[in-house]
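Right, one structure below, let's go through it.
The values are calculated or read from the model by the stated rules, or taken from the named source; none is laboratory data. From a predicted model like this one, the values you see are computed outputs, not experimental measurements. We place every Cβ from the backbone using ideal geometry, glycine too, and count neighbours over all the protein chains shown. In case anyone asks, the SASA skips ligands and DNA or RNA and just uses the protein heavy atoms, side chains included. Shrake-Rupley method; radii C 1.70, N 1.55, O 1.52, S 1.80 Å.
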Amino acid sequence: MFSAGAALSKPICFSSQMPAKTCNSKPSCFFPGKFSNPLVFSGKNQSCSQYSTFSPKMGQTHFSVKAASSVGKWVSTHVEYGAGNLSKHFDRINFGSAEYTEEPVTNVKFQTSLSLPGCSCPLSLLGTGYREKVFAFIGVKVYAAGLYINQSILDKLSAWKGRPAAQIQEDSSLFDSVFRVGVANYLYAAASLEKSLQIVLVRDIDGKTFWEALDEAISPRIIAPTGVDKTALSTFRSIFQARPLKKGTFIFLTWLSSSKMLVCISSDGLPSAIDATIQSENVTSALYDVFFGGASVTPSLKASVATGLAKILK
């Protein structure tokens, strides 16, 4: 279902500093009715020093790099200092002048480091992928996606050091650790959990259709929704209902903790404000599972993230 089709002939274009709107005026493509499968989905803060992001070349199977990088230098530095001290030595690593990583199927460019509303530190790009729907045996690209994480998460994954990408991809406990790391430690819980999924639409979609696909993915993963869950879903619904989502729109789903998520939507570059706060662990974890659980709706993204983690934990 998720075939690696040809790249779009009219890619989304970005300026050197901030992503811009789409660069063509081709008529919009709308989706009739509901999709048969989900469209998307399924203490004190630590101080944050400036750092160079890890190489966007690490997920070669799923995305390419348009500027020089040095994975080998990253690995040698990582081995020298050990996984436990990884985040402390990001500033020792030089990855050249690359600022963007390109998802090759959709040609969408993702910044390798982002500062987002509500986050205590810049987040680093770990992997990219895309979502494809099949209509009448024809694959239609819907959006590109990239996962960004707070670098301190990497320090807590040493137990998976040396595992190949294929094993990481199949190990749900690792992805669960990426989601929940720091929960048991008050000193880390405030900042180290921060991670964000950036979605970049490559087609026009009306907000109602987008929400229905989102709801169809999340709801089955919540067995017995509580009042808190229902309130969170209602808040989520209100963001997208009656809201046109044009090609090139950015949607950021940012987990601040295992039970708190921020939603930011922007049709003109990176967001500057928070559109909604979702507070329900069942809802936020269900959404994470849609992308990184056993039945990911974006397998290319999950594979790319696994490849990135394998390079880092080598």
With respect to Ala224, is the statement that it is modelled with pLDDT under 95 and within 27 Å of Val140 (Cβ to Cβ) true?
-> no
Counting only residues that are under 18 Å from Phe291 (Cα atoms) and either among the β-branched types (Val, Ile, Thr) or at pLDDT below 95 (or both), how many does region 234-254 have?
-> 3
Taking region 255-281 as the search range and keeping residues that are of a type in the set (S, T, N, Q) and part of a loop (DSSP other than H, G, I, E, B), which one is modelled with the highest pLDDT?
-> Ser280
For region 193-243, how many residues meet the condition of being out of contact with any helix residue (DSSP H, G or I) (no Cβ under 7 Å at 6 or more places or on another chain), outside any helix (DSSP H, G or I), open to solvent by 40 Å² or more (accessible area, probe 1.4 Å) and of a type in the set (Gly, Ala, Ser)?
-> 1
Qualifying position, being in contact with a helix residue (DSSP H, G or I) (Cβ under 9 Å, 6 or more places away or on another chain), under 24 Å from Pro122 (Cβ atoms) and open to solvent by 60 Å² or more (accessible area, probe 1.4 Å), among Lys260, Lys302 = Lys260
Return yes or no: is Asp289 outside any strand (DSSP E or B), among the acidic types (Asp, Glu) and under 15 Å from the mean Cα position of the chain (by Cα)?
-> yes
